[in-house]
1. 5 Å is the cut-off here: which amide hydrogens, built 1.01 Å from N in the peptide plane, fall below it relative to GLY107, excluding neighbours closer than 5 in sequence?
2. Can you compute 3J(HN,Hα) from phi for each residue in the range 116-132, using the Karplus curve 6.51 cos²θ - 1.76 cosθ + 1.60 with θ = phi - 60°, rounded to whole Hz and x for Gly and Pro?
3. According to a simple spin-label model (label point 7 Å from Cα along Cα-to-Cβ), what is the distance in nm between LYS82 and SER61?
4. With the cut-off at 32 Å, tell me which of the pairs LYS35/LYS114; LYS20/LYS82; LYS82/LYS114; LYS58/LYS82; LYS26/LYS82; LYS30/LYS78 have Cα atoms farther apart than that.
5. How do 41-51, 82-92, 63-73 rank on mean C-beta neighbours within 10 Å, highest first?
6. How fast does the range 23-117 diffuse by Stokes-Einstein, in µm²/s, taking the Kirkwood radius from C-alpha pairs at 25 °C and 0.890 mPa s?
7. Quick query: amide H of VAL145 versus all other amide H atoms, modeled in the peptide plane; which residues come in under 5 Å with a sequence gap of 5 or more or a different chain?
8. Once fully extended, how much extra length lies between TYR135 and LYS26, figured as 0.36 nm per residue of separation less the alpha-carbon to alpha-carbon distance?
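Where a number appears in this text, it was derived from the coordinates with a stated rule and is not lab data. Note that the structure is predicted; figures quoted are calculated from it, not measured. Because the Cβ atoms are built from the backbone with ideal geometry, glycine has one as well, and the counts that use them run over all protein chains shown.
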Amino acid sequence: EKINVFESKINKIPDADFPKKTVELKKRLKDLDLKSDHIVIMGDFNDNPDAPSLTFLKDYSFTNTLSSQWNENQGSLKYMRKWLLFDQIFLSSAFFESQDSISYESGQIYNPAKLQDPSGRNKAQPFRTFIGKNYIGGQSDHFPVLNQILSPKLPSKDWYHFVLLEPSFGIVCF
């Protein structure tokens, strides 16, 4: 099996210019075998799952494995007292269609108590490293997101883990 990781230059396009980011992502997808390759697109997209800058991926048969977990009580970050899901993982249809190959098992927003702010008005939100210039000792202003991917070529207890720990963007194809 092969694994190709494509570093994205999309993050060099200003966040406000979503049409350019969408065009860049479409260009990268054009060169991949979308029907049979196991493709993972993941990152901090600075947008929620219902944003037009991301919903076009359905047209390419990608599934957002975390969108069902996003609601008023859960997300990967909180801004102005509202939960957002900017950190997302999209999988190509090959993860859901093949029975004898690599397949999707589960996905989650990883938000255990040790990553949550323990008290105050930000209780249960991601425990930030800084608030303004003040160091408060947390890990990040985003909760990590992860997917578990099963491969029958590995012993049953081994998994591919795709974990987004810090804001970034990438495409993995294998």
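1. Those qualifying (amide H under 5 Å, at least 5 residues apart or on another chain) are GLN148.
2. 9, 4, x, 7, x, 5, 9, 3, 6, 8, x, 7, 6, 6, 10, 10, x
3. Those two pseudo-labels are separated by 3.5 nm.
4. Numbers: LYS35/LYS114 40 Å; LYS20/LYS82 27 Å; LYS82/LYS114 21 Å; LYS58/LYS82 25 Å; LYS26/LYS82 30 Å; LYS30/LYS78 34 Å.
From LYS35/LYS114; LYS20/LYS82; LYS82/LYS114; LYS58/LYS82; LYS26/LYS82; LYS30/LYS78, over 32 Å: LYS35/LYS114; LYS30/LYS78.
5. 82-92, 41-51, 63-73
6. Details: Rh = 14.5 Å.
In µm²/s, the coefficient is 169.
7. Amide H to amide H, under 5 Å and 5 or more residues apart or across chains, VAL145 pairs with TYR110, LEU164.
8. On the way: separation 109, 0.36 × 109 = 39.24 nm, distance 3.92 nm.
Stretched fully, the TYR135-LYS26 segment lengthens by 35.3 nm.
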